[in-house]
Amino acid sequence: MAYRLFEGKKHAALYLKYRVSPSDHLIQQVLGFLEKQKGRPFELAVDVGCGSGQGTLLLAKHFASVVGTDVSPAQLELALQHAQQANITYRECVAEELPFADSSVDLVTAMTAFHWFDRPRFLQEAHRVLKPRGCLALLSYTMDIELSYRDCCAHTLNQVSQEAGVCVGETYHASVQLHGDAGVVLQLPDSAER
């Protein structure tokens, strides 16, 4: 089930003021992982549940285009006010219905937002929009999140997430990296491997 909070203007302003942004080190780790998986150039990143756009801004200098998405018009209004880079745009949508073509996105991020989503539906949607060898980065302050994916054992996926292993189930594989500053990078399999 998706949750909708921080949608009013007052909440959005507090969110912008107090939300901690991911560290540059963590962003560099995600980008390094993406580069190993698919190489450069980095064309399109989508920051899902972007809120007031702090994470979206961090991606802008590394991609030709970055799109922040959120369900809250108030959050997106603040994000637009702080976006100075021409390659940043914002779209209002739910995480489970992203307005992007199949296999069109290099990197999908959810920076401290994944816990609000209908997680199985979001993971399917991320899988749909990611290019072959594209990556999904779920960044959080805590590792206490539940992951599941179609045709995969949720227990195995969560164990991999917790232990930084690389095998998910018998058929599907995902590359997972854990970082000390609370980041998990999970790459879903390419279409050819499904």
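The values are calculated or read from the model by the stated rules, or taken from the named source; none is laboratory data. For clarity, every value in this text was computed on a predicted model and none was experimentally measured. We place every Cβ from the backbone using ideal geometry, glycine too, and count neighbours over all the protein chains shown. The protein model used for the area step is the full one, side chains on, heavy atoms only, and it has no ligands, DNA or RNA in it. Shrake-Rupley method; radii C 1.70, N 1.55, O 1.52, S 1.80 Å.
General observations
- Selection status of residue 190, closer than 21 Å to residue 38 by Cα, modelled with pLDDT under 90 and among the acidic types (Asp, Glu): yes
- Close contacts from the range 41-59, counting a first residue that is farther than 14 Å from residue 78 by Cβ and outside any loop (DSSP other than H, G, I, E, B) and a second that is open to solvent by 20 Å² or more (accessible area, probe 1.4 Å) and among the polar types (S, T, N, Q), with Cβ to Cβ under 8 Å and a gap of 6+ residues or different chains, come to 44/65; 44/104; 45/65; 58/21.
- Which listed residue, of 74, 110, 79, is of a type outside the set (S, T, N, Q), in contact with a strand residue (DSSP E or B) (Cβ under 6 Å, 6 or more places away or on another chain) and farther than 23 Å from residue 35 by Cβ: 79
- Screening the range 99-134 for residues that are crowded, with 19+ Cβ neighbours inside 10 Å and among the polar types (S, T, N, Q) and picking the one that is farthest from the chain's Cα centre (by Cα) gives 112.
- Only listed residue being within 17 Å of the chain's Cα centre (by Cα) and either closer than 14 Å to residue 139 by Cβ or loosely packed, with under 15 Cβ neighbours inside 10 Å (or both), chosen from 35, 77: 35
- The number of residues in the range 81-98 being without any contact (Cβ under 8 Å) to a residue 24 or more places away in the chain and either farther than 16 Å from residue 43 by Cβ or open to solvent by less than 80 Å² (accessible area, probe 1.4 Å) (or both) comes to 3.
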